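Undergrad: Take a look at this one; I'll ask things after.
The values are calculated or read from the model by the stated rules, or taken from the named source; none is laboratory data. Since we're looking at a predicted model, the values are computed, not measured. Backbone-built Cβ (ideal geometry, glycine too); neighbour counts: all protein chains shown. For the accessible areas, the whole protein counts, side chains as well, though only heavy atoms, and no ligand, DNA or RNA atoms are used. Shrake-Rupley method; radii C 1.70, N 1.55, O 1.52, S 1.80 Å.
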Amino acid sequence: MIDVTKLHAGDIVYLDEVIYTARDAAHLRIAGLLENNADLPVNFKDSFIYYAGPTPTKPDGIVGSIGPTTSSRMDKFVSMMPKLGVKGMIGKGPRSESVKKACQEYKMVYLIVTGGAGALLSKRVVSCEEVAFNDLGCESIKKLEVKNFPAIVAYDTYGNDIFER
């Protein structure tokens, strides 16, 4: 497991752990559950949320192409990340100042992966299980076990930002 407080903007990391996919629709549902003090379908503590919705899995595969979606669409949900206990988020592109500040305040990181490399990233997924909101299709929450999943630290826990280099 990665200690995110030891990471710095610009570091390349290779994740060997469980991460969860969640996009817009899943974030909206999670926010509603938190607002109503309802039980969450997943324990996100000490995990990463990956802004991705995999394509359908081929018959001989574990998961379909699993490239990142534009992360800035999830900025409005960053305030719930500390409540979920996540250690970070994974996506693509720059985010708002509030995300950078939240990463610093709550000791989280924002990692980026290369857009357009979804087929390559899917080869780093060892297992995939749909764990919540099955009715959302590709936007359901999936539990992925990844090995050697490459990412770059974009925002670290110290307020550094790779996009400002």
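Undergrad: Order the peptides 4-14, 151-161, 73-83 from the highest to the lowest mean number of other Cβ atoms within 10 Å of their residues.
TA: Averaged packing, sorted descending, gives the order 151-161, 73-83, 4-14.
Undergrad: Would you pull out the residues with amide H under 5 Å of Ile90's amide H, same chain only if 5 or more places away, H placed 1.01 Å from N?
TA: Those qualifying (amide H under 5 Å, at least 5 residues apart or on another chain) are Ile49, Tyr50, Tyr51, Leu111.
Undergrad: Determine the percent antiparallel among the DSSP beta bridges restricted to the chain, to the nearest 5.
TA: 65 percent
Undergrad: Which value, in Å², gives the accessible area per residue of the chain when a 1.4 Å probe is used on the protein heavy atoms?
TA: For the chain, the solvent-accessible area averages 48 Å² per residue.
Undergrad: Taking the Cα-to-Cβ direction at Glu105 and at Val126 and moving 7 Å from each Cα, how far apart do the two end points lie in nm?
TA: A separation of 3.6 nm, rounded to one decimal place.
Undergrad: Evaluated at 20 °C with a viscosity of 1.002 mPa s, what Stokes-Einstein diffusion coefficient in µm²/s does region 32-97 have when Rh comes from the Kirkwood expression over alpha-carbon pairs? Don't jump to the answer; show the numbers that get you there.
TA: Details: Rh = 13.6 Å.
Calculated translational D: 157 µm²/s.
Undergrad: Let me know the volume per residue of the alpha-carbon convex hull for region 20-165, in Å³.
TA: It comes to 100 Å³ per residue, whole-number rounded.
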